[in-house]
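Undergrad: Quick one: the structure is below, and I'll ask about it shortly.
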């Protein structure tokens, strides 16, 4: 079983709408959690990095939350744009540098 | 200027061949990585080098051999290619190993083994 589970697997939203992606993890000991955006045919690009003590972090229209107690994170996209169509990957890092990747959520924004 | 570059972008080869993928970063970073992304888009770390020293070596067949001639380069050599090696391989770099350093990814190399 993967130590990082993302949901939904994919979603379609209309331009201008908001959406929230979920990431649940069992990785321990926890160091930090990252959200990446990967456009088709490109390498992933970091959106946010959160450590144990951070509950929320924003990057433009992207806002990530972290509940280290329940081991859950979410990525909220506000006022979606066509350019938000991509895969969003949750990555959890352990203290020993090991990384665990989620399978990603594919977001499609339609006009 | 490209921060992390990989060559080639596409590689099509036959089973049993040996091939190399090159990676270079011009960010002055100490740490470099190789990732494999399969057809289901699952990213898996393969190797991590810090100051030319191997730090992370996940469960990767020994047909895969990374080589870091200097801090700016991390090449991946694959012997006796198999069908299952078909994937997109990403190189990445970060300032160091510390957890909060950003990782910068290259554009990927799509390897197809026929």
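Undergrad: If one computes P(r) from the Cα atoms of region B:51-114, what percent of pairs lie at distances over 19 Å?
TA: When all Cα pairs of region B:51-114 are counted, 39 percent exceed 19 Å.
Undergrad: Would you mind calculating the relative contact order of chain B from Cα pairs under 8 angstrom and at least 6 residues apart, reporting the percent as a whole number?
TA: 36
Undergrad: Out of all DSSP beta bridges with both ends in the protein assembly as shown, state the antiparallel percent to the nearest 5.
TA: 90
Undergrad: Please compute the volume of the convex hull spanned by the alpha-carbon atoms of region A:11-89 and report it per residue in Å³.
TA: 94
Undergrad: Could you work out which residue, out of A:33, A:21, A:99, moves most in a Gaussian network model of chain A, that is, has the largest mean-square fluctuation with Cα springs under 10 Å?
TA: It is A:99.
Undergrad: So, one more: Sticking to Cα atoms, compute the Rg of region A:1-43 to one decimal and its Dmax as the biggest Cα-Cα distance, whole number, in Å.
TA: Final numbers for Rg and Dmax: 13.3, 38 Å.
Undergrad: Under a GNM of chain A (C-alpha, springs under 10 Å), which listed residue has the highest mean-square fluctuation: A:37, A:57, A:17?
TA: The residue with the greatest mean-square fluctuation here is A:17.
Undergrad: Could you give P(r) for chain B, binned at 10 Å from zero, as whole percent values over all Cα-Cα pairs?
TA: Taking all Cα pairs of chain B, the binned fractions are 15, 50, 29, 5 percent.
Undergrad: Relative contact order (percent) for region A:1-74, with alpha-carbon contacts under 8 angstrom and 6 or more residues of separation?
TA: 25
Undergrad: Go ahead and set up a Gaussian network model of chain B, Cα springs under 10 Å, then flag whichever of B:25, B:95, B:14 fluctuates most.
TA: B:14
Undergrad: Give the Kirkwood hydrodynamic radius (Å, one decimal) of the protein assembly as shown, defined as one over the mean of 1/r across all pairs of different Cα atoms. Please report the intermediate quantities before stating the final value.
TA: Details: mean 1/r = 0.0554 Å⁻¹.
18.0 Å is the Kirkwood radius here.
Undergrad: Could you work out the pair-distance distribution P(r) of region A:66-111 from its alpha-carbon pairs, with 10 angstrom bin width and percents rounded to whole numbers?
TA: For region A:66-111, the binned pair fractions read 21, 43, 27, 8, 0 percent.
Undergrad: Another question about this same structure. What does a probe at residue A:110 reach in region A:7-44, counting residues whose amide N is under 14 Å from the point 7 Å along Cα→Cβ?
TA: Taking a point 7 Å out along Cα→Cβ of residue A:110, the residues of region A:7-44 whose backbone N falls under 14 Å are A:11-17.
All of the numbers you see were taken from the coordinates with simple rules; none came from a lab. All of these numbers come straight from a predicted model, not from anything done at the bench. FYI the Cβ positions are ideal-geometry reconstructions off the backbone, even for glycines, and counts take in every protein chain you see.
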